[in-house]
Amino acid sequence: MTVDEMRQQPWVGRRIPRQEDNRLVTGTGRFADDVTPQGALHCAILRSPHPHARIVRVDVARARSMPGVVAAVSGAEAREHWAPLPPNFALPGIVAPRVYGLAVDKVVYEGEPVAAVAATDRYLAEDALEAIEVEYEVLEPVMDVDEGAVDWYGDGSPASPASPRLYDEWDDNVQVRYDFAYGDVERSFGEADAVVEARVAVHRYAAVPLEPRAVVAEYDPDGRTLTVRVATQVPHQMRTTYARIFGLPETSVRVLTGDVGGGYGSKGQADGDVVPILLSILTGRPVKWAETREEWMLAGPVGSRGYVHHAELALRSDGTVLALRDRLLADVGCDGVVRAIGLAALIVGATYIPGPYRIDAYDVRVRGLVTNKPAYGAYRGYGKDIANQLIERLMDKAAAALGMDPLELRRRNLLTEFPHEICTGPIIESGSFVECLDLVQEKMDLPALRREQERARANGRFLGVGVVSTMEPSAGAIPMSVFSGFESATVRLHPDGTVTALTGLQPIGQGVQTSYAQVVADCVGVSPADVRVRWGDTDAVPYGLGAYASRGATFGVAAAHQAATEVGRKLLLAASVALEVTPDDLELGGGTVRAKGSPGTAMDVADVAQRTYFQPGPYAMLPGEKEPVLEASAVYTNPEVNWLPDEHGRLRIYPTHGSGAMGCLVEVDVETGGVDVRKVWYVHDSGRLINPGIVENQLIGSSVQAFGGTMFEQIVYDDAGTLLTRTLGDYQLPNAASVPDIEVSHIETPSPITPLGTKGLGEGGHIGIGAVLLSAVEDALRPFGAEVLETPLTPPRILQLIDRARESRARESRAQTAGAVRDDV
Amino acid sequence: MGGLVPLDTEVNGERHRREVEPRLLLVDFLREYLRLTGTHSGCDDGLCGACTVLVDGEPVKSCLMLAAQVDGARITTVEGLRAEDGPHPVQQAFVDAEAVQCGYCTPGFVVAATALLARDAAPTDDGVREGLVGNLCRCGCYQNIRKAVRSVGGSR
Ligand code: FES
Ligand code: FES
């Protein structure tokens with residue numbers, strides 16, 4: 001291919017280097033904490049040492065007189081200067097506590113902000129915290145949810161839990177209640193040949209982005225304007241939220257977000273970051289807060305995990321799934337709606353538990369209970385992991401019960417015809433679940449792995465293989481929330497032929513700058529290098545909803561594509577005037593507009609632009625056009641999202657659905673309990689790919705994170721409710737030595753409901769890894785007969801599973817012997 | 001708190017003479033005083049490597065060192081690796097191997113990898129794994145980071 005032909009090719013689909021990388025590798029990126037305005041003060045926050053306590057008295061007077069201190073404020077004093085943090089969504093069945101940025105009379109988790117200081121230097125601000133006196137009346141903390149004491153049926157039985165209430169104004173500690181049923185579940189269970197049951201539990205772990213939260217607030221008392229530079233995934237919603245909290249018109253608030261050092265769902269709300277803003281308003285000076293890692297561990301949102309399923313699956317003897325029942329209980333920390341945004345993950349989980357399988361009778365009940373721990377945040381997966389973990393474990397269990405090959409059982413039930421409305425409402429618009437399973441099996445060379453496993457077993461080594469299907473709902477749009485789901489863009493072709501693309505989406509590491517440049521470049525016939533994507537300045541870009549729910553490749557891209565397509569249309573129109581060729585006979589590419597089939601008749605895009613703007617100008621070049629400039633704005637919403645529940649109470653909040661299959665090979669050391677994850681294979685189909693390199697990084701990255709979460713990351717408290725995992729030494733993250741190799745393969749089944757055939761992606765690893773690791777470890781432990789249904793897969797747990805399995809075998813054989821003896825008599 | 005201590009150090013080829021507080025951390029000196037914000041802070045405990053810089057050629061976690069301790073030393077930060085005519089080969093390798101997502105860990109990795117390659121010009125894959133175990137990438141780019149480092153070192 002010649003260079004010229006290369007330039008003509010569509011940019012979408014090409015693996016080009018990322019535009020963002022030059023600044024990031026040279027240390028010239030701009031993260032929130034990189035900016036320190038002239039005269040800035042530094043904020044330090046005093047946090048509760050108790051998980052549950054009444055605040056009797058806070059005295060900041062001594063702190064005020066410490067060196068360098070300009071302001072010190074308690075929650076009670078702050079109370080009149082701001083409104084409570086607003087709930088992030090208002091879905092039925094969810095209650096929201098009334099919470100301020102600094103606690104007023106009660107703290108509900110260790111680490112909750114109770115007072116704050118602004119000083120001329122960070123060290124002095126931290127010193128001053130020690131001079132703040134707080135008197136607490138310590139209350140008994142609620143650190144766990146009691147699986148036996150949940151009122152599932154609303155009939156008061158068992159009697160509501162005796163644990164102390166977190167919020168005096170609530171009737172109990174339940175923050176979300178969600179019940180859904182479809183089809184004749186009772187009858188299906190009655191007709192089943194086999195019913196398998198499982199308790200599947202996943203512990204609490206968190207996103208822990210390497211960049212902690214950071215805010216630089218600049219309040220100008222004269223103009224009553226507020227500028228906030230903040231590490232967030234959702235700059236516009238932050239503007240709306242800050243305006244509301246501080247009683248300012250949105251026109252006076254500007255939020256700036258440059259580079260963000262990872263979010264993964266965790267940077268999607270206002271919480272402690274409102275404290276430096278308050279201090280800036282009180283002092284009239286810029287105030288900066290860059291939290292420490294310990295603060296993040298204490299008070300950052302945890303991942304939407306910490307749940308237990310009690311489920312049953314009904315099947316016919318041929319493997320056809322008839323019905324599914326689940327009771328999903330989660331520990332949502334102190335709150336999953338106001339201080340963080342994790343709560344809806346439980347509803348998403350309940351919606352997608354049937355997964356990629358045909359299941360027409362389903363009954364689910366969900367309860368999320370508050371405890372005295374940090375808030376329940378969003379984390380990659382956002383419930384789709386909760387769903388997959390259960391259905392895939394049930395599939396393995398059912399296969400064992402029926403004596404079927406687990407992949408065959410899956411194939412028998414996987415969706416193969418699309419579009420398909422699943423029983424909970426979403427429409428799976430296209431997919432390749434069976435093909436993904438076939439391909440992963442081929443990539444793994446399953447028969448060879450089985451032979452290796454056999455040889456190893458003969459030598460006293462325990463290899464295990466797991467394979468699961470995954471479904472990756474993407475592009476979430478949650479009604480009644482700040483994540484309602486639209487995205488906007490403006491595309492502007494300048495007189496020199498370069499292009500600015502403004503997006504409301506927020507880059508947080510997912511390659512937005514490059515992918516969007518590729519999309520826009522194709523529409524206006526230039527190279528991505530000529531497209532500058534801008535984001536994260538609420539004064540410059542149109543109101544958009546930012547990065548969450550894997551929506552960048554659908555909502556964000558579609559808006560940019562729509563706007564760029566309109567600019568491309570006008571560009572062709574103008575060129576048709578200049579070249580005297582009808583627009584239909586023109587084509588764009590490589591920086592030129594040419595007549596199809598007569599390459600001699602051509603003009604540079606820059607030339608057309610120059611003429612349209614100035615020589616002679618829009619009247620001549622775009623006659624009759626309503627907006628005769630080379631600029632367009634667009635807002636994208638997806639028609640498949642439904643805003644009102646249907647007659648069954650169903651919402652369709654995710655319009656696109658990726659397919660996938662994941663396999664892995666592990667080796668378990670039965671002496672130490674150590675699990676060596678030797679390899680992961682991931683076949684993934686998220687429709688058309690914009691930049692395969694960017695996609696692969698996200699697939700592998702999310703797999704690495706979920707590997708850490710499943711294997712060893714865990715948030716641990718002691719008996720008194722004090723956090724033990726306060727550093728990255730205690731809370732272990734995957735590192736270069738511990739991560740397995742992950743081999744990714746793509747299938748591209750376009751989505752029929754997005755303009756480019758793309759689907760969202762980026763959470764898939766989280767959706768599949770948990771289940772595939774449990775499955776593989778269970779396979780490795782098959783000689784012991786251990787069931788693996790709970791995380792994390794740490795050595796003590798593995799040893800415990802082996803011990804229990806041995807004991808129960810021993811009991812069984814004792815019982816058999818006893819039976820045999822009796823038979824003899 | 002005590003008085004200030006004198007500090008005379010060369011950072012990225014430029015000499016700086018200052019009086020600093022004895023407790024000032026090197027990472028804060030670089031970021032807040034010299035505005036070299038490429039050195040990041042991710043854990044404050046020497047565990048993530050985002051703050052890695054070279055002190056007299058040796059990789060150091062700048063969150064674990066006091067500014068006063070580099071008196072008389074030569075420091076190179078990620079900004080200082082860059083050559084006049086473009087990025088350092090290790091920096092370019094990170095771009096080419098698609099070893100960056102959010103980029104917050106990247107400067108620390110680039111500096112640590114540069115030091116690793118100075119010790120061993122052609123590390124094995126295991127050598128890179130072990131050599132970079134003090135740096136964390138929460139975006140999970142390890143696979144491509146290893147590729148990047150080995151592409152500079154030449155594979156063995
Ligand atoms: S901030 Fe220094 S090692 Fe993490
Ligand atoms: S690229 Fe995000 S932490 Fe490494």
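The values are calculated or read from the model by the stated rules, or taken from the named source; none is laboratory data. Here the structure is a predicted model, which means the values were calculated and not measured. With ideal geometry, Cβ positions are generated from the backbone for all residues, glycine too; neighbour counts draw on all protein chains shown.
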- Among the candidates A:L369, A:L346, which residue alone is more than 19 Å from A:L651 (Cα to Cα) and not aromatic (F, W, Y)? A:L369
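Only one residue in A:P734, A:P740 is over 20 Å from B:C43 (Cα atoms), of a type outside the set (S, T, N, Q) and touching a residue at least 24 places away in the same chain (Cβ under 8 Å). Which one? Lay out the reasoning, then the answer.
On the way: A:P734 fails: over 20 Å from B:C43 (Cα atoms).
Exactly one residue qualifies, and that residue is A:P740.
Out of B:R150, B:R156, report the one residue that is at pLDDT below 95, more than 7 Å from chain A (Cβ to nearest Cβ) and under 24 Å from A:R678 (Cβ atoms).
Testing whether each residue is at pLDDT below 95, more than 7 Å from chain A (Cβ to nearest Cβ) and under 24 Å from A:R678 (Cβ atoms) leaves just B:R156.
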- Message: Can you tell me which condition A:Y307 does not meet? The list is (1) of a type in the set (F, W, Y); (2) touching a Leu at 6+ places or on another chain (Cβ under 7 Å); (3) closer than 30 Å to A:S488 by Cα; (4) in contact (Cβ under 8 Å) with a residue 60 or more places away in the chain, and all the others hold.
- Response: (3)
- Query: Could you count how many residues in segment A:471-529 are assigned to a strand (DSSP E or B) and at pLDDT 95 or above?
  - Reply: 16
- Among (1) more than 13 Å from chain B (Cβ to nearest Cβ); (2) crowded, with 23+ Cβ neighbours inside 10 Å; (3) within 21 Å of A:L46 (Cα to Cα), the one test that A:E211 misses: (1)
- Matching residues in segment B:121-147 - criterion: being away from ligand 1 (no atom under 16 Å from the Cβ) and at the interface with another protein chain (Cβ under 9 Å from one of its Cβ atoms): B:D126, B:V128, B:R129, B:E130, B:G140, B:C141, B:Y142, B:Q143, B:N144, B:I145, B:R146
- From the list A:L724, A:L774, pick out the single residue that is at pLDDT 95 or above, touching a strand residue (DSSP E or B) at 6+ places or on another chain (Cβ under 8 Å) and crowded, with 24+ Cβ neighbours inside 10 Å. A:L774
- Give the residue that is nearest to the other protein chains (Cβ to nearest Cβ), with candidates limited to residues of segment B:62-80 that are of a type outside the set (V, I, T) and buried (at least 23 other Cβ atoms within 10 Å of the Cβ). B:C63
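Which residue out of B:L34, B:L54 is away from chain A (no Cβ under 11 Å), closer than 23 Å to A:N735 by Cβ and surrounded by 16 or more Cβ atoms within 10 Å (Cβ to Cβ)? Full working, then the answer.
Working: B:L34 fails: closer than 23 Å to A:N735 by Cβ.
Of the residues listed, the single one that is away from chain A (no Cβ under 11 Å), closer than 23 Å to A:N735 by Cβ and surrounded by 16 or more Cβ atoms within 10 Å (Cβ to Cβ) is B:L54.
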- Task: May I ask you to list the residues in segment B:1-51 that are touching a His at 6+ places or on another chain (Cβ under 8 Å) and among the acidic types (D, E)?
- Result: B:D8, B:E10
- Message: Looking only at segment B:103-119, filter to residues that are of a type in the set (A, V, I, L, M, F, W, C) and within 11 Å of B:T39 (Cα to Cα); which one of those is farthest from the chain's Cα centre (by Cα)?
- Response: B:C105
- Residues that are within 15 Å of ligand 2 (Cβ to nearest atom): which helices (runs of 4 or more DSSP H) entirely in segment B:89-150 hold 2 or more of them? B:89-96, B:106-119
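Working carefully through the options A:P51, A:P67, find the one that is buried (at least 16 other Cβ atoms within 10 Å of the Cβ), assigned to a loop (DSSP other than H, G, I, E, B), not assigned by TED's automatic domain parsing to the domain that holds A:G721 and not aromatic (F, W, Y). Talk me through it step by step, then tell me what you get.
Working: A:P67 fails: buried (at least 16 other Cβ atoms within 10 Å of the Cβ).
After ruling out the rest, the residue left standing is A:P51.
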- Message: I'd like to know if segment A:194-216 contains one or more residues that are assigned to a loop (DSSP other than H, G, I, E, B) and either among the polar types (S, T, N, Q) or closer than 30 Å to A:E647 by Cβ (or both).
- Response: no
- Do any residues in segment A:372-388 that are among the acidic types (D, E) have Cβ atoms under 8 Å from those of residues that are at pLDDT 95 or above and in a helix (DSSP H, G or I), where the two are at least six apart or on different chains, and which pairs are they? A:D385/A:G349; A:D385/A:A706; A:D385/A:H766; A:D385/A:I767; A:D385/A:G770
- Does segment A:453-466 include one or more residues that are at pLDDT 95 or above, assigned to a loop (DSSP other than H, G, I, E, B) and of a type outside the set (D, E, K, R)? yes
- Message: Checking the condition crowded, with 23+ Cβ neighbours inside 10 Å, small (G, A, S), more than 9 Å from chain A (Cβ to nearest Cβ) and at negative phi, which residue from B:A112, B:A83, B:A118 passes?
- Response: B:A112
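Of A:G381, A:G377, A:G368, which residue is modelled with pLDDT of 95 or more and closer than 15 Å to A:V308 by Cβ?
Values: A:G381 fails: closer than 15 Å to A:V308 by Cβ; A:G377 fails: closer than 15 Å to A:V308 by Cβ.
Exactly one residue qualifies, and that residue is A:G368.
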- Message: touching a strand residue (DSSP E or B) at 6+ places or on another chain (Cβ under 6 Å) and touching a residue at least 60 places away in the same chain (Cβ under 8 Å): is that true of A:A456 in this structure?
- Response: yes
- For segment A:678-706, enumerate the residues that are in contact with a strand residue (DSSP E or B) (Cβ under 7 Å, 6 or more places away or on another chain), outside any helix (DSSP H, G or I) and either away from chain B (no Cβ under 13 Å) or surrounded by 24 or more Cβ atoms within 10 Å (Cβ to Cβ) (or both). A:R678, A:V680, A:W681, A:Y682, A:V683, A:H684, A:D685, A:S686, A:G687, A:R688, A:L689, A:I690
